[in-house]
Amino acid sequence: MSLLPKVVHIRQFDTHRLVPSGYSREGKSVLIGIATDDAMLRDLFDIDNATNERLRAEHGQSVELGPHELVFGVPNARIVNAAFAYAHPLGSRFNGPGRGAWYASFELETSQAEAAFHKSVEYAEIGRFEDSVSYDDYLADFNAQVHDLRGEKDFEACLSPTSYEASQSLAERMLDAGALGVVYPSVRREGGTCLVCFRPSLVGNVRVDRTYRFTWSGSAEPSIRTEERS
């Protein structure tokens, strides 16, 4: 088996990334409701900002993500930077816990299937599938050389539906080699295509499209409907 998968040029517009609306939208902080005066509010914001991983990364306080890698002065820079600054404690398919990545899908249905699966895993842990969550669909364009796992039998372990061990190990080697990202078949929707981007500057023309409401009513499969943005 070769050390890394083959490299292809990807030019894909309107990829889909679903972000929970609670994280997506900037609005009044919940801290306002618990502060008794402006001085307390400033203190609370200072404490909150000290633990904000995106702000820490933007100010050069992240171990694995430098501010020179992040994006500034472009629409939705906050959303792009947050994807890299906040990583799951156990990592995701192609990143470890120390550094995030931008995951997206070529098809909306694939992005919905991926989001529904990962949220359902959280509900399975507590044994309760009763909730309703809205997601904002962020479109982004990509034009870059990435590694391609489609049809690569030597790397089938990286597409395991239950383990990220092989894929995280591969991603570490890719990052060390300066890789930009990976295109791969969706594990959660047959026929779907996913893309993970390792470099914030390559996430281009980010904009919000529609909002979708996912509703779990007793099963792991949510109903999904379009929702008007407030």
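Read-outs: derived from the displayed coordinates by stated rules, not from any lab. Just so it is clear, the structure is predicted and the values come from calculations on it, not from any experiment. Cβ atoms come from the backbone with ideal geometry, glycine included; neighbour counts cover every protein chain shown.
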Quiz item: Among 102, 216, what is the fewest-to-most ranking by other Cβ atoms within 10 Å?
Solution: 216, 102
Quiz item: Ranked by Cβ crowding within 10 angstrom, fewest neighbours first, how are 110, 193, 215 ordered?
Solution: 215, 193, 110
Practice problem: Please give, to one decimal in nm, the separation of the simple spin-label points placed at residue 163 and residue 13, each 7 Å out from Cα toward the Cβ. | Solution: 4.2
Exercise. Starting at the first residue of segment 153-169, write each ³J(HN,Hα) from the Karplus equation 6.51 cos²θ - 1.76 cosθ + 1.60 with θ = phi - 60°, in whole Hz, x for Gly and Pro.
Key: 5, 5, 10, 4, 4, 6, 10, 4, x, 10, 9, 9, 4, 5, 5, 5, 5
Quiz prompt | Normalised contact order of segment 190-230, rounded percent, pairs of Cα under 8 Å and 6 or more residues apart | solution = 30
Practice problem: Could you pull out every residue, at least 5 positions away or on a different chain, whose amide H is within less than 5 Å of the one on residue 102? Hs are placed 1.01 Å off N in the peptide plane, and Pro or chain starts have none. | Solution: 197
Quiz item: With a sphere of radius 15 Å drawn around the Cβ of residue 159, what net charge do the other residues whose Cβ falls strictly inside it have (Lys, Arg +1; Asp, Glu -1)?
Solution: -2
Quiz item: Along segment 181-192, what does the Karplus equation 6.51 cos²θ - 1.76 cosθ + 1.60 (θ = phi - 60°) give for ³J(HN,Hα), rounded to whole Hz, x for Gly and Pro?
Solution: x, 9, 10, 7, x, 5, 8, 9, 9, 4, x, x
Quiz item: If you take the beta carbon distance between residue 68 and residue 173 as r and set R0 to 30 Å, what does 1/(1 + (r/R0)^6) give as a FRET efficiency, to the nearest 0.05?
Solution: 0.85
Quiz prompt | Full-stretch length increase - residue 86, residue 210 - with 0.36 nm per residue and alpha-carbon distance subtracted | solution = 42.3 nm
Exercise. Express in nm, to one decimal, how much length is gained between residue 132 and residue 229 on full extension, taking 0.36 nm for each residue of separation and deducting their alpha carbon distance.
Key: 33.4 nm
Quiz prompt | Taking 78, 189, 93, 128 and counting other C-beta atoms within 10 Å, the order from fewest to most | solution = 128, 78, 189, 93
